[in-house]
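Okay, structure first, notes after.
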Amino acid sequence: MTATTPQGTRRSDAARDHLWMHFTRHSAYENGGEAPVIVRGDGAYIWDAAGRRYLDGLAGLFTVQVGHGRTELAEAAARQAGELAFFPLWSYAHPGAIDLAERLAGYAPGDLNRVFFTTGGGEAVESAWKLAKQYWKLVGRPTKHKVISRAVAYHGTPQGALSITGIPAAKEAFEPLVPGAFKVPNTNHYRAPEHLRDDAKAFGRWAADRIEEAILFEGPETVAAVFLEPVQNSGGCFPPPPGYFDRVREICDTYDVLLVSDEVICAFGRIGSMFACDDFSYVPDIITCAKGLTSGYSPLGAMIASDRLFEPFRAGSTSFSHGYTFGGHPVSTAVAMANLDIFEREGLNDHVKQNAPAFRATLEKLLDLPIVGDVRGEGYFYGIELVKDKATRETFDDDESERLLRGFLSKALFDAGLYCRADDRGDPVVQLAPPLIIGQPEFDEIEGILRSVLSEAWNHL
Ligand SMILES: Cc1ncc(COP(=O)(O)O)c(C=O)c1O
């Protein structure tokens, strides 16, 4: 890979001058820093333009489940593009979308049999809210339009999905957003109210009951849906406490509120099953998914709805007036089919289930460091919360967080050969979601790099 563009510009200079990177502070590059340019991937590793190798501890962005460099996925894409590069799903169908819809309906629990394709996760969330609103109108309950989601949760950037997102700083610049989105506490057990810290079940009950409280505050006849991730990513991996989803399902049934399982990160083996609602034994009304569906080899998302939600669309002149040119793109659906073939052939979900305890145990070794307050997560999905004082669980103030995460950690981890994420959208955490193919040697490599960098981080406060 040459280090210059076809026009002869140094790539990092052209990146600085022309590329608008997502969620990126460009000042870092304006002031002499160089954007890392990633040029190649193989298995669990990626390489930058200078030839340096990194362990991909985040599967790109919670996406590359089967690992990098799978030529069979590239070949599936090429085959499909040669045969039928593009056709929309607007009143027409193509074999890839049909076959994948049938396959996803087979993996999904209960009667979630109807698959609406998008190009990514935010569009799937957006579609789910729109479906919930239209569904309630069609069944004669037109005032049910509001949604409930959890503090610090991320659900995407379209304006509806951003309303559902529970991160005030991510929304501020774009207010006013779509009205009618309300927030409840998440399941951060480490930060649970003091009297519930030693009783996970009681904490789960308390957190689920906050959803009921919000429904009652707003009035059940105004609430359309609750959006929850099986394991909440933002804030640093909050698994559901025991009994949480049983109680949420009960509340949703009591008040006729749809339960949307936002599995944009958690589906496709991240927790160990195709859909993570199965990992926690609940059946939602809608699943939203994306990312691992194609392992990122081509963009694709989906909203999977129950038969009940599709019922009013079966007859007459009714339609879901919603769609995307590239939703269910033929190349992406072909790649998704080939990706899921790899899952089944290589038993990736079983691999995750078998190896997750060892991954967790390896990361938990880090709890001997003074800066590591909590290690939490499920499957191949972990958050490591950093604290100033372990005994009191005191967190860092904004300045310290800035110095620690942005000033030191992100770059130091990368320089040490680990691509992962240091995030302060909630309390400061390091997030890990590697490709699902890794085992003990890579767990040890991750732990080793984190140990040396986190030990040094302490000196940067
Ligand atoms: C839970 C969840 N929902 C929605 C999204 C948005 O997905 P996308 O970036 O594909 O639009 C994300 C992205 O990370 C996510 O984690």
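For every residue, the table says whether it meets (1) over 18 Å from Gly377 (Cα atoms); (2) of a type outside the set (A, V, I, L, M); (3) part of a helix (DSSP H, G or I).
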| site | (1), (2), (3) |
| --- | --- |
| Pro242 | no, yes, no |
| Ile265 | no, no, no |
| Phe310 | yes, yes, yes |
| Tyr324 | yes, yes, no |
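Screening Gly383 on (1) surrounded by 19 or more Cβ atoms within 10 Å (Cβ to Cβ); (2) in contact with a helix residue (DSSP H, G or I) (Cβ under 9 Å, 6 or more places away or on another chain); (3) not hydrophobic (A, V, I, L, M, F, W, C) shows it passes everything except condition (2).
Give region 35-75 a look and list any residue that's in contact with a Cys (Cβ under 8 Å, 6 or more places away or on another chain) and closer than 19 Å to Thr24 by Cβ, or say none.
Within region 35-75, Leu58 is the sole residue that qualifies.
Annotation for region 320-330: no member residue is at positive phi and either aromatic (Phe, Trp, Tyr) or without any contact (Cβ under 8 Å) to a residue 12 or more places away in the chain (or both).
Is it the case that Ser234 is in a loop (DSSP other than H, G, I, E, B) and small (Gly, Ala, Ser)? Don't jump to the end; show me each part of the working.
Values: in a loop (DSSP other than H, G, I, E, B): yes; small (Gly, Ala, Ser): yes.
Yes: the conditions hold for Ser234.
The requirement of being under 29 Å from Ser163 (Cβ atoms), outside the structural domain of Gln431 (by TED's automatic domain parsing) and within 16 Å of the ligand (Cβ to nearest atom) is fulfilled somewhere in region 94-116, by at least one residue.
Note on region 120-199: no enclosed helices (runs of 4 or more DSSP H) hold 3 or more residues that are free of Cβ contacts under 8 Å to residues at least 40 places away in the same chain, assigned by TED's automatic domain parsing to the domain that holds Pro220 and away from the ligand (no atom under 13 Å from the Cβ).
Yes/no per residue for (1) among the aliphatic types (A, V, I, L, M); (2) within 16 Å of the ligand (Cβ to nearest atom); (3) exposed (fewer than 13 other Cβ atoms within 10 Å of the Cβ); (4) assigned to a loop (DSSP other than H, G, I, E, B):
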position: Ala15; (1), (2), (3), (4): yes, no, no, no
position: Thr24; (1), (2), (3), (4): no, yes, yes, yes
position: Gly32; (1), (2), (3), (4): no, no, yes, yes
position: Ala35; (1), (2), (3), (4): yes, no, no, yes
position: Leu55; (1), (2), (3), (4): yes, no, no, no
position: Ala77; (1), (2), (3), (4): yes, no, no, no
position: Gln80; (1), (2), (3), (4): no, no, no, no
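Being modelled with pLDDT of 95 or more, basic (Lys, Arg) and in a helix (DSSP H, G or I): is that true of Arg406 here? Please lay out each step first, then the result.
Values: modelled with pLDDT of 95 or more: no; basic (Lys, Arg): yes; in a helix (DSSP H, G or I): yes.
So Arg406 fails the test.
When the residues of region 351-395 are filtered to those that are free of Cβ contacts under 8 Å to residues at least 12 places away in the same chain and of a type outside the set (A, V, I, L, M, F, W, C), the one that is nearest to Gly269 (Cα to Cα) is Gln354.
Evaluate the following for Ala50: is it over 24 Å from Val429 (Cα atoms), at pLDDT below 95 and part of a loop (DSSP other than H, G, I, E, B)?
On the way: over 24 Å from Val429 (Cα atoms): yes; at pLDDT below 95: yes; part of a loop (DSSP other than H, G, I, E, B): yes.
Yes: the conditions hold for Ala50.
For region 338-358, the criterion of being outside any helix (DSSP H, G or I) and touching an Asp or Glu at 6+ places or on another chain (Cβ under 8 Å) is satisfied by no residue at all.
The values are calculated or read from the model by the stated rules, or taken from the named source; none is laboratory data. Fair warning: this is a prediction, and the values are worked out from it, not measured in the lab. No Cβ is skipped: glycine too gets one built from the backbone with ideal geometry, and neighbour counts run over all protein chains shown.
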